[in-house]
Amino acid sequence: MSWRRGEVWLDADMLWFREAVAAPAFPGIGPRAIPSLAPPPGLVASRVRRAAWERRRHLRRARTTAVALSPAVVLALAALRSGSGPEASGMLDDPPSLTFRVGTGLPVAEGTTIGPPPGRETAASRRRESAAKAKAAPTIGWHHSISIGLPWSGSLADGTQLPLEGPDWVTWNPVTDSVPNARKRLYGTQHTIRTILSVAAAYRAAHPDAPRIVVGDISREGGGPMTDEHVSHQNGLDADIYFPRLDHRLEAPVAHDQIDRRLSQDLVDRFVAAGAQMIFVGYGTGLQGPSGVVIPYAGHDYHLHVRFPPPGG
Ligand SMILES: [Zn+2]
């Protein structure tokens, strides 16, 4: 059994069709006596509403999910929650196609009501829940970006923007020294963005207590000079990642003794393993890696600068 976006799946028996039904299809409630003479439509609607309420109460007790489309239409989604159909799993790996996700990771049409019928409190909690989930899994507009020229003399066509924050990262603006960064400073190639996200996810999975990573500048939309802060960062292949702090604050460190060196070295190692072409780290950081890849460089005491190889390079 499966369900797709935009598809409405109704119970088999619909009482408002005035059928003489001995056992209306309200699973879990059992047969209900229905007069053989069709009552007025208003009474039918009332009974359907009451039955729907009872059914929802029962489903909640049974820890099952129901979606209320209207008082008279109930759509059972228990199978969807436990669904393992190819349609469900296939959509999980397609971020651009989703607006937001529910806890099961399955896509749900926008505007769909989850759980109890609408009410002031539940409507507010639904909004908070939706906002939290959108934040946890932000939509990314993936583009087939083209990196042009050199990191210090180049541009970026059709860049992909890293969302301001997500489950494993926040962004930091080095000009204002605050979270988040400006969107226009967070464009990279698709490969750059995917690698940052995958390294961040693996790092957080390996260190569940570690704070989210703090991502600084990548490139401008369209690339080109970022003369307020950088010589490079021009073609979507450079990204700054601030070293994790011992106090877990989501901001750039400003002193060496604030840096969690163990977690910082782990991040360096992960970017090396992910195919970084070069990683610049400050002389005083003590961070290490393969010669020619991890390179001590002035001005990188509080962040690492990872450079990814050009496509095909
Ligand atoms: Zn940099």
Worksheet item: Of the residues Asp266, Asp260, Asp301, which is within 16 Å of the ligand (Cβ to nearest atom) and either among the charged types (D, E, K, R) or in contact with a Cys (Cβ under 7 Å, 6 or more places away or on another chain) (or both)?
Response: Asp301
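For region 205-236, give me the residue count where each residue is in a loop (DSSP other than H, G, I, E, B) and within 16 Å of the ligand (Cβ to nearest atom).
The qualifying residues number 18.
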Worksheet entry | Members of region 223-259 that are basic (Lys, Arg) and open to solvent by 60 Å² or more (accessible area, probe 1.4 Å) | Arg249
Worksheet, complete the sentence: Scanning region 288-298 residue by residue, the ones that are under 24 Å from Ser219 (Cβ atoms) and assigned to a loop (DSSP other than H, G, I, E, B) total 5
Worksheet item: Residue check, Gly284 against (1) part of a loop (DSSP other than H, G, I, E, B); (2) farther than 30 Å from Asp158 by Cα, all met but one. Which one?
Response: (1)
Response to the item:
Filtering region 170-194 for residues that are part of a strand (DSSP E or B) and within 27 Å of Gly312 (Cβ to Cβ) leaves a count of 2
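For region 275-298: of the residues being closer than 17 Å to Leu237 by Cα and more than 14 Å from the ligand (Cβ to nearest atom), which is nearest to the chain's Cα centre (by Cα)?
Step one: list which residues in region 275-298 are closer than 17 Å to Leu237 by Cα, which gives 275-281, 293-295.
Cutting the leftovers down to more than 14 Å from the ligand (Cβ to nearest atom) gives us 275, 293-294.
Values: Gly275: 24, Val293: 31, Val294: 31 Å.
So the residue we want is Gly275.
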Item to complete: Could you check, for region 260-272, whether at least one of its residues is open to solvent by 10 Å² or more (accessible area, probe 1.4 Å) and outside any helix (DSSP H, G or I)?
Response: yes
Worksheet item: Are any of the residues in region 154-176 on the phi > 0 side of the Ramachandran plot and free of Cβ contacts under 8 Å to residues at least 24 places away in the same chain?
Response: yes
Discussion item. When you check Asp301 against the structure, is it open to solvent by 70 Å² or more (accessible area, probe 1.4 Å), assigned to a loop (DSSP other than H, G, I, E, B) and acidic (Asp, Glu), yes or no?
Written reply: no
Worksheet entry | One residue from Pro310, Pro244 being over 20 Å from Thr192 (Cβ atoms), within 28 Å of the chain's Cα centre (by Cα) and more than 15 Å from the ligand (Cβ to nearest atom) | Pro244
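The values are calculated or read from the model by the stated rules, or taken from the named source; none is laboratory data. Keep in mind the model is a prediction, meaning the values are calculated, not measured. So basically every Cβ, Gly included, is an ideal-geometry build from the backbone, and we count neighbours across all protein chains shown. Surface accessibility is based on the protein's heavy atoms, side chains included, excluding ligands, DNA and RNA. Shrake-Rupley method; radii C 1.70, N 1.55, O 1.52, S 1.80 Å.
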